[in-house]
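Asks: After the structure tokens below, expect a handful of questions from me.
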Amino acid sequence: MRDFDPNAFFPRFWVAVGETGLMVVVAFAGAAVIGVLLGLLLYASRPGNLLQNRAIFAILNLIINVIRPIPFLIVAIALIPLTRSLFGTGLGPLPQTIPLIMVACVAIARVSESNLVAVSPGSIEAGAAMGASPARVLFTIVVPEALGPLTLGLTYILVALVDATAVAGVLGGGGLGSLAMNYGYQRFDWISVGIVVLALIVLVQLAQFLGNAVARKVMHR
């Protein structure tokens, strides 16, 4: 076991925290937009729903069911040619946001669909009876009704993304995962590894706290 050197470790640590934050923020923003839109489309095109379309629903449902069970590690490796073509390299935090977005957006799509399906049919029927168009019913009744639970679902995905960045770091994405592996584990510096683990726990707790706070505000509007 090597002696812990704070002067060498902490400059690397703060850079790693920034890289992890960058991966989480970019991946969550991209995945939230794509995933919620996919969830809305899944819900609306579901047979018997507002804009039912069996073909669109079947295609989207199949794509999500195929991608969702694949472990993030496999997705990240499979998308290396894509990240290299987009960024010129597969290394660094930004290239690793591509597999993070893909994995997170299909999870968000399924979470969004589940929360939208749980909206009371009575509210939807009341809006339709008042002459509202299907799109208006969707965005003025269904989405607001599902917003609170949906925020909690998005919080779960945000926390999962913090965890996934550790794997992305081991694959060359940088961040805390890379620091723990390359600086801590490979040098048998267990104090450094322990600090990284504590940092990840703190980030997860912050993400959970933020998500819960936003959900409470949404549900008490």
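The values are calculated or read from the model by the stated rules, or taken from the named source; none is laboratory data. Given the structure is predicted, the values throughout are model-derived calculations rather than measurements. Every residue, glycine among them, receives a Cβ derived from its backbone with ideal geometry; neighbour counts consider all protein chains shown. Side chains included, ligands, DNA and RNA excluded: accessible areas come from the protein's heavy atoms. Shrake-Rupley method; radii C 1.70, N 1.55, O 1.52, S 1.80 Å.
Asks: Quick one: would you say Ala146 is crowded, with 20+ Cβ neighbours inside 10 Å, assigned to a helix (DSSP H, G or I) and at pLDDT below 90?
Replies: yes
Asks: Can I ask one more? Out of (1) among the hydroxyl-bearing types (Ser, Thr, Tyr); (2) in a helix (DSSP H, G or I); (3) open to solvent by 20 Å² or more (accessible area, probe 1.4 Å), the odd one out for Ser112 is which?
Replies: Unmet for Ser112, out of (1) among the hydroxyl-bearing types (Ser, Thr, Tyr); (2) in a helix (DSSP H, G or I); (3) open to solvent by 20 Å² or more (accessible area, probe 1.4 Å): (3).
Asks: Collect the residues in the range 165-179 that are part of a helix (DSSP H, G or I) and open to solvent by less than 20 Å² (accessible area, probe 1.4 Å), keeping them in residue-number order.
Replies: Hits for the range 165-179 are Thr165, Ala168, Gly169, Gly173, Gly175, Leu176, Gly177, Leu179.
Asks: When the residues of the range 1-59 are filtered to those that are at pLDDT 90 or above and more than 27 Å from the chain's Cα centre (by Cα), which remaining residue is surrounded by the most Cβ atoms within 10 Å (Cβ to Cβ)?
Replies: Phe10
Asks: Could you check, for the range 192-204, whether at least one of its residues is within 21 Å of Arg110 (Cα to Cα) and either touching a Leu at 6+ places or on another chain (Cβ under 8 Å) or surrounded by 15 or more Cβ atoms within 10 Å (Cβ to Cβ) (or both)?
Replies: For the range 192-204, residues within 21 Å of Arg110 (Cα to Cα) and either touching a Leu at 6+ places or on another chain (Cβ under 8 Å) or surrounded by 15 or more Cβ atoms within 10 Å (Cβ to Cβ) (or both): absent.
Asks: If you check Pro81, Pro95, Pro69, Pro99, which single one turns out to be closer than 30 Å to Gly18 by Cβ and either outside any helix (DSSP H, G or I) or free of Cβ contacts under 8 Å to residues at least 12 places away in the same chain (or both)?
Replies: On inspection, the qualifying residue turns out to be Pro81.
Asks: Now a separate question. Determine which single condition Asn49 fails, assuming it passes every other condition in (1) part of a helix (DSSP H, G or I); (2) farther than 24 Å from Tyr156 by Cα.
Replies: Condition not satisfied by Asn49: (1).
Asks: OK, next. So Ile74 clears everything in (1) of a type outside the set (Phe, Trp, Tyr); (2) open to solvent by 60 Å² or more (accessible area, probe 1.4 Å); (3) over 26 Å from Tyr156 (Cβ atoms) except one condition, right? Which one?
Replies: It is condition (3) that Ile74 fails.
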